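Read the structure below first, then the notes.
The values are calculated or read from the model by the stated rules, or taken from the named source; none is laboratory data. Every value quoted in this text rests on a predicted model; they were computed, and no experiment measured them. Cβ coordinates were reconstructed from backbone atoms using ideal geometry, including for glycine residues, and neighbour counts include every protein chain displayed. Remember, those area values only see protein heavy atoms, side chains included, never the ligands or the DNA or RNA. Shrake-Rupley method; radii C 1.70, N 1.55, O 1.52, S 1.80 Å.
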Amino acid sequence: MDMTSPQAAGAAQTDIAVEITGLDKWYGSFHVLKDIGLSVRAGEQVVICGPSGSGKSTLIRCINQLEQHERGRIMVNSREVGPKVRDMHEIRRDVGMVFQHFNLFPHLTVLRNCTLALTRARGMARREAEAVARHYLERVRIPEKADKYPSQLSGGQQQRVAIARALCMNPKVMLFDEPTSALDPEMIKEVLEVMTRLAEDGMTMLCVTHEMGFARKVADRIVFMDGGCIVEEAPPATFFDAPKTDRARLFLSQIL
Amino acid sequence: MTFDFSFALSIVPTILAAMGMTIAVAIVSCFGAALLGFLLEILRRTGKPMGYLMRFVIDFIRSTPVLVQIYFLYFVLPFYGVTMPALVVGVLALSVYYSGYLAEVFKAGIDSIPSGQFEAAKALGLTRIDAIVFVVAPQMLRNVAAPMGNYFVSLLKATPYLAVIAVPEMLGAAMEVASDTFRYAEPMVIVGILFLILAVTIAQFVRLLEQRLLASAKR
Amino acid sequence: MSFLAILAGIFEGFGVTATITFYGMLYAVPFALVFGILQHFTAGPARVVVTSIIEFWRSSPVIILLFVFYYSLPSFGITLSGITVGAMALGLNIGGYGSQSVRAALQALDPGQVEAGRALGLRRLQILALIELPQAFKAMTPTFINQFIQLIKGTALVSLITLTDMTFRAKEISQLQYNPVGTYTALLVAYFLVCYPATIFGRWVEKRVSIEGRGQRDL
């Protein structure tokens, strides 16, 4: 990149994939997110952890506006998202999401699950889309299941398909909402492996998870949330070995 | 005037000949009602003013007799310069009437789709319409197969209402025989028996189809 | 003639509409209870007979039932008043539907309830009256209200056998002065005014029953 060009400042700004400032959200009278500020650089892997009910899932669901915030600003790839943004569906195409319960479309084959958004949202030809889908199914090591239906797959396989489905859109950011929480222990590993390789390839990732081994190995940064606030933010080594707050220490003692 | 059995038998073919019309009206109206009902339900789910308006439209359709709706369309539309053959008015009226009921069926069908499906469609960046067509509608159709079948049978049994605007379905054919011969008892008994056989047969057929569909959905 | 005057004219027929509805219920409710319970209890040939009787009333289109009885009974030497024929045909048709919700509600009960009654030394009819029916009634109420609305709407048919109900009055008014738009709009409104409160009440009851319903919802 030519750093002397007048766009240098702008280019530096686009290096930030997600920028959240002063974010507040309420469920009725319950204050779920309190003045959240978080910035994620492109290519960074951030793991968000914390006790259940701390607002971590709500936070990443605000990033692609599956939940709407009441106050504050969320910028995704330099575009503001919010309830009043009309072309939200276009912004979402660059933000992949993997859900706790996979949410594959049960009436479509694995291949069609992957190509649906490519053909409909990206306007890609069916044949080309299928080539893309097969490429990503290969990457999640499940190419042989392309013509099966989701219900014919194990949980771990379904989650890998869900990751492939999100990757097909060639997203700039990937959001993971407790991707292994609904899986049997023996299937967690295969999903974490796929996620680890994704991180190694430099994908920008925000990941809500209880898998602390994965967090320590993969994350550039751990964000610890409790009671709707970001309580601590540190590199994994610091966070796991020398947590600064009592709440983080308590959480780690319960989970490790 | 006593019941004349040989006359009754002699008019069976005339009334049977109208069975095709009865079935055709029921099938076309069923498609019309499904399309209109789906549209009503989807619009009901949009923003507030539109949602309330559609809720009212659905309730209004369900709170007025189909016979009156047939009269309304038949007598009122021409007044506004819209003249259509009675058959078209009849199919339109049955479609409108049953759309109110199918909208409720679709509501239940959509409500029983897990919310994660809507979220996944959103997260992938599908537009609202694409999400409805490719994600919601196909899953909804599986959920509503059984009640849809019941309403189809019900719709079949509502087709003789169209006799009041002289659509030549089975009851219409029977009424014509009656007014030609001045004998009402025989045509009415015959159309009653034939319709009962038709309705019971179709109901069995629909039940069979449902079971097939449910079996194939369990993949 | 203003819209309100037309509406008032139409409501002159409300007495007949209400009378047919009332007498119709006198046929519908006992028929639904007796035949629903019989279908629940009987087996083998007896059940075939019970089911056939229910199917006759339920599967025949109500307009055809009405015409068959109105036009055909006299030729078998039976003369009934229009009100009786109307109430009977409409009532037993709705009763046929009602019997199915009675049977379904009884069958949905936990068989342990009957066993518990037996263990307490109650006789079968006591179990039915004291244990099964009170529980089944709750599940049946919303469907019964819906069927009541169907009955009210169905009474529009008696205008075809020359009873001066609301629909008949509307036809008279529209013949007196050529104003189909006003007349038939008023007729729709008239039925809506009568049926809509019942629709709302039915929805309210349905909500209550499903919330109280034994573990139907997790929340």
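Brief remarks follow.
- Note on chain A: helix-only mean residue ellipticity at 222 nm, from DSSP H runs of 4+ residues weighted -39500 (n - 2.57) and normalised by residue number, equals -11000 deg cm²/dmol.
- Each of B:V12, B:T46, B:S115 was placed along the dipole of region B:5-218 (beta-carbon charges, centred on the mean Cα), and the one lying farthest toward the positive end is B:S115.
- Part-to-part distance (alpha-carbon centres) for region B:112-149 and region A:199-221, which is given in Å: 32 Å
- Sum of side-chain charges, A:F224 neighbourhood, beta-carbon under 13 Å (Lys, Arg +1; Asp, Glu -1): +1
- In order through region A:203-209: 3J(HN,Hα) via Karplus (6.51 cos²θ - 1.76 cosθ + 1.60), integer Hz, x for Gly, Pro: 5, 6, 10, 10, 10, 8, 7
- In summary, the helical segments of chain C meeting the span-like criteria, namely a full DSSP H run, a Cα extent along the axis of 20 angstrom or more and a mean Kyte-Doolittle hydropathy of at least 1.0, are C:14-41.
- The alpha-carbon of A:K56 sits under 25 angstrom from the alpha-carbons of these lysines, leaving out residues fewer than 8 places away in its chain: A:K25, A:K34, A:K84, A:K172, A:K189, A:K217, A:K244, B:K122.
- Efficiency of FRET between A:E80 and A:T196 - r from beta-carbon atoms, R0 35 angstrom, step 0.05: 0.65
- Of the beta bridges in the protein assembly as shown, as assigned by DSSP with both residues counted there, near 55 percent are antiparallel.
- Cα-centre dipole for region A:110-156 with unit charges at Cβ (Lys and Arg positive, Asp and Glu negative), debye to 20: 100 debye
- Averaged over the residues of peptide C:150-160, the number of Cβ atoms from other protein chains lying within 10 Å of each residue's Cβ is 4.
- In this Cβ point-charge picture (+1 for Lys and Arg, -1 for Asp and Glu), the protein assembly as shown has a dipole of about 360 debye about its Cα centre.
- Heavy-atom accessible area buried between chains A and B is around 1900 Å² (1.4 Å probe, both sides summed).
- A dipole drawn for chain C from +1 and -1 charges on Cβ atoms has a positive end, and of C:V194, C:F35, C:N93 the residue lying farthest that way is C:F35.
- Ordering C:R169, A:R41, A:R127 by accessible surface, largest first, gives A:R127, A:R41, C:R169; the 1.4 Å probe counts only protein heavy atoms, with every chain in place.
- Pairwise burial C:B, computed as accessible area of each alone minus the pair, summed, 1.4 Å, Å²: 3500 Å²
- Reducing region A:151-194 and region C:113-154 to their Cα centroids gives an inter-centroid distance of 49 Å.
- Across chain B, Cα pairs under 8 Å and at least six residues apart give a relative contact order of 30 percent.
- Among A:241-250, B:61-70, C:151-160, the peptide with the highest mean count of other Cβ atoms within 10 Å heads the list, and the full ranking is C:151-160, B:61-70, A:241-250.
- Centre-to-centre separation between the Cα atoms of region C:38-62 and those of region A:43-64: 60 Å.
- Using alpha-carbon coordinates, inclination of helix B:66-76 to the longest axis of chain B, degrees: 90 degrees
- Where only DSSP H runs of four or more residues are counted, chain B gives -25000 deg cm²/dmol as its mean residue ellipticity at 222 nm, each run worth -39500 (n - 2.57).
- Overall form of region B:5-218 per C-alpha gyration tensor (a/c, 1.5; a/b vs b/c): oblate
- Placing unit charges on the Cβ atoms only, positive for Lys and Arg and negative for Asp and Glu, gives region C:3-218 a dipole magnitude near 380 debye about its Cα centre.
- For region A:71-87, backbone phi angles converted through the Karplus equation (6.51, -1.76, 1.60; θ = phi - 60°) give residue-by-residue couplings of 9, x, 9, 10, 10, 10, 6, 6, 10, 6, 10, x, x, 8, 6, 6, 9 Hz, Gly and Pro being listed as x.
- Dividing the summed helix terms, -39500 (n - 2.57) for each DSSP H run of n ≥ 4, by the number of residues in chain C produces a 222 nm estimate of -26000 deg cm²/dmol to the nearest 500.
- Three-way shape label, the protein assembly as shown, alpha-carbon gyration tensor, a/c 1.5: prolate
- Furthest towards positive pole of dipole, A:Q157, C:S2, A:G43, structure part the protein assembly as shown, Cβ charges: A:Q157
- FRET efficiency for the B:F7 to B:V133 pair, using the beta carbon distance and R₀ = 51 Å, is estimated at 0.40.
- Cα gyration tensor category, rounded, prolate or oblate, for region C:3-218 with a/c compared to 1.5: oblate
- Crossing angle, helix B:19-44 versus chain B [Cα axis fit, 0-90 degrees, rounded to tens]: 30 degrees
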